[in-house]
Amino acid sequence: LIKVSEDAAMTVRDLRGARLAIFNGTPSMAQVYIDAAAKRAEAALKDVERYALDIKKPLKDGDEYVPFNASLVVAESFVPDATKSKDVAKANKHLHKGETKKAMEALKLGGIDVALTTELVPLKWAKSHVDDAARLIGEGKYYEANLALKAVEDAVVIETFDVDALPKTKSGS
């Protein structure tokens, strides 16, 4: 299915931590979080081809959208019955083994329409704004740092994909 970048996930988590620390008036903690976000963003950029999805979203400078969160969703109003409960049990067994694709296929065969919702972050954009925020925090410009980090959160895209129409990564896998 769709691979989620742990480094991208930690980047977003840490930048949100920095924003919270700024809001709570603890600039020393904001610095800790922003430093961690900068390191994770750098690591995520080194591995971008492995995770970047081939989706049609306009961005400047050839940026890449990298998934940092994903979840299975039922695309209909689900009412359990005896048959569907068996299909859900089969899917749970596959999920327990880490076989997400087989789980989704089992649900689909049982007439349960599932999709994959993914949160994607434009990675170069994020890295640039995290670096700006780190500089601004160092200069004591907390409001401006918060705005730089907010810009990253505003750039996050949420996409929902049908099981049969999952995008490939830029590397083709």
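Sorting 13-22, 92-101, 137-146 by average packing, meaning the other beta carbons within 10 Å per residue, from highest down gives 13-22, 137-146, 92-101. Placing one equal scatterer on every Cα of segment 83-173 and applying the Debye formula, the log10 ratio I(q)/I(0) at q = 0.16, 0.21 Å⁻¹ is -0.75, -0.96. Compared with the dominant principal axis of the Cα atoms in the chain, helix 100-109 is inclined by about 40°. Amide hydrogen proximity for Asn69: with H placed 1.01 Å from N in the peptide plane, the residues at 5 or more positions away or on another chain lying under 5 Å are Glu119.
In the chain, helices alone account for a calculated mean residue ellipticity at 222 nm of -18000 deg cm²/dmol, with every DSSP H run of four or more residues adding -39,500 (n - 2.57). Per residue, the chain exposes 56 Å² of solvent-accessible protein surface, assessed with a 1.4 angstrom probe and all protein chains in place. Which of Val121, Val74, Val66 ends up with the largest GNM mean-square fluctuation for the chain, with Cα atoms connected below 10 Å? It is Val74.
Within a straight-line Cα-Cα reach of under 20 Å, Lys93 can be paired with the following aspartates and glutamates, leaving aside sequence neighbours fewer than 8 residues apart in one chain: Asp81, Glu105, Asp113.
Residues whose amide H comes within less than 5 Å of that of Phe161, counting only those at least five positions distant or on another chain, are Leu116, Thr117, Thr118 (H built at 1.01 Å from N in the peptide plane). Per atom type, the chain shows carbon and sulfur on 54% of its accessible surface, probed at 1.4 Å.
The separation of segment 91-143 from segment 10-61, counted between C-alpha centres, amounts to 13 Å. Mean sequence separation of contacting Cα pairs (under 8 Å, at least six apart), scaled by the length of the chain, corresponds to a relative contact order of 30 percent. Axis angle, to the nearest 10 degrees, between helix 123-138 and the longest C-alpha principal axis of the chain: 40 degrees. A simple spin-label model places the labels of Val79 and Arg16 3.5 nm from each other, with each point 7 Å out along Cα-to-Cβ.
The values are calculated or read from the model by the stated rules, or taken from the named source; none is laboratory data. From a predicted model like this one, the values you see are computed outputs, not experimental measurements. Quick reminder, even Gly has a Cβ in these numbers, built from the backbone with ideal geometry, and neighbours come from all protein chains shown. Remember, those area values only see protein heavy atoms, side chains included, never the ligands or the DNA or RNA. Shrake-Rupley method; radii C 1.70, N 1.55, O 1.52, S 1.80 Å.
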